[in-house]
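First comes the structure, then the notes that go with it.
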Amino acid sequence: YYGACFMMFEISTLFLNIHNTLEDLELQEAILYYINATALVSSFFFARIVYGTILSINVWRELANSTIPINPLAVSFVRLANITLMSLSYYWFSVIIMTAKRNALDADLIHALDEMDKHQIKTE
């Protein structure tokens with residue numbers, strides 16, 4: 001059951017592949033690039049961070065409250081794998097946010113420089 005649920009994490013991969021293709025085609029200024037970037041960040045956040053955290057809590061609860069005898073080594077492996085997966089998801093989401101923030105600041109700087117150039121042209 002949980003294996004199929006955790007596969008939902010991969011929904012963001014679709015948008016990541018589109019993102020990479022648009023970069024390869026040098027379409028970073030296209031509206032599709034920005035729409036896809038928004039879909040990538042949103043799907044990553046909701047699928048991996050929100051949904052993944054909820055699933056992880058459920059898995060840990062079921063492992064702790066299981067009435068079926070489970071090998072302690074298997075429980076330890078599942079918990080370690082889950083911690084690793086969720087840690088990577090949180091790390092990559094922080095990288096995505098930092099990159100988006102940097103790109104937004106770069107865009108603001110470019111816009112400000114363009115406005116300065118327009119203002120300078122008008123005063124000459």
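With the range 1-53 as the region, which helices (runs of 4 or more DSSP H) entirely inside it contain at least 2 residues that are under 18 Å from Thr99 (Cα atoms)?
Correct list: 11-24, 31-43.
Take the range 9-33 and flag every residue that is closer than 17 Å to Gly52 by Cβ and loosely packed, with under 13 Cβ neighbours inside 10 Å.
Glu10
Search the range 5-16 for residues that are modelled with pLDDT of 85 or more and pair each with any residue that is open to solvent by 40 Å² or more (accessible area, probe 1.4 Å) when their beta-carbon atoms are under 7 Å apart and the residues are at least 6 apart or on different chains.
Here the result reads Met8/Tyr51, each pair linking the range 5-16 to a residue that is open to solvent by 40 Å² or more (accessible area, probe 1.4 Å).
I'd like to know if the range 39-49 contains one or more residues that are modelled with pLDDT of 95 or more, open to solvent by 80 Å² or more (accessible area, probe 1.4 Å) and at negative phi.
yes
Within the range 100-123, is there a residue that is open to solvent by less than 70 Å² (accessible area, probe 1.4 Å), modelled with pLDDT under 95 and among the hydroxyl-bearing types (Ser, Thr, Tyr)?
Within the range 100-123, not a single residue is open to solvent by less than 70 Å² (accessible area, probe 1.4 Å), modelled with pLDDT under 95 and among the hydroxyl-bearing types (Ser, Thr, Tyr).
For residues in the range 54-67 being assigned to a helix (DSSP H, G or I) and open to solvent by 60 Å² or more (accessible area, probe 1.4 Å), which is farthest from Tyr1 (Cα to Cα)?
Across the range 54-67, the extreme among qualifying residues is Ala64.
The values are calculated or read from the model by the stated rules, or taken from the named source; none is laboratory data. No experiment lies behind these values; they were computed from the predicted model shown. Please note: Cβ atoms are built from the backbone with ideal geometry, for glycine as well, and neighbour counts cover all protein chains shown. Side chains are part of the model used for accessible areas, which takes the heavy atoms of the whole protein and leaves out ligands, DNA and RNA. Shrake-Rupley method; radii C 1.70, N 1.55, O 1.52, S 1.80 Å.
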